[in-house]
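What follows draws every value from the coordinates through simple rules; no lab data is involved. Predicted model, so just to flag it, every value in this text is computed and none were measured. Note that we place each Cβ from the backbone using ideal geometry, even for glycine, and neighbour counts take in every protein chain shown.
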Amino acid sequence: SDAGFEAGPVGSACVLDAGTRFVVAHGAGFPSVAMTLEAFVRADVVPSSGRAGVADWEGVFGVFVFPGGDLRCTAGGATLWGRGAIASGRWTHVACVADGARARLFVDGVQVDEDAMDALRSSTAPLRIGEDSPGGGDQLLGAVDELRLFSSARSPAQIAAAAAR
């Protein structure tokens, strides 16, 4: 609700502000054994405390921006960090990949962290874009373009190609 749009790196980016809500209902096939979430993200305000949600699926999968521009991805019990990955006002391609055994975080097509993971847990909660789930707080002030969610683990080559677009 209350979504605005502007030119982004690939197409029309969704502008996120305090009144914007993107809630995606649970769909068949999610979560699967493997998942990939990727997007171009621009944080107009990097939080000075707390966090700002890029996308969150109530403990199943989440991507957040923290103070200092640190990027965090959580999946299957793994917590991955991209220290200083997000700069205010700059577009950054982010991808969090879970293959059922390992989780990987990519920034601008380059892998920055990896860790062992457990199986993705099941949830019928909706995916929230630009905030946390389930409550809707921790909003990202900025924009998101080309957010894509896959029921497979995309390869490093696929992530790099997506980031180069």
*Using the 4.7 Å Cβ rule, please list in number order the cysteines from the chain without any candidate partner.*
Cys14
*Where Lys and Arg each count +1 and Asp and Glu each count -1, what net charge lies around Val15 among other residues with Cβ under 12 Å from its Cβ?*
-4
*Per-residue ellipticity at 222 nm for the chain, helices alone: DSSP H runs ≥ 4 residues times -39500 (n - 2.57), over residue total, nearest 500 deg cm²/dmol?*
-1500 deg cm²/dmol
_Sequence-distant residues sharing a close amide H with Phe22 (under 5 Å, placed H)_ = Ile129
*Around Gly135, with a cut-off of 14 angstrom between Cβ atoms, what is the net charge of the other residues, counting Lys and Arg +1 and Asp and Glu -1?*
-2
*So what's the net charge close to Ala75: Lys and Arg +1, Asp and Glu -1, counting the other residues with Cβ under 12 Å from its Cβ?*
-2
*Nitroxide proxy distance, nm - points 7 Å out along Cα→Cβ at Ser122 and His26*: 0.9 nm
*the chain - Kirkwood radius from inverse mean 1/r over Cα pairs (Å)*: 15.4 Å
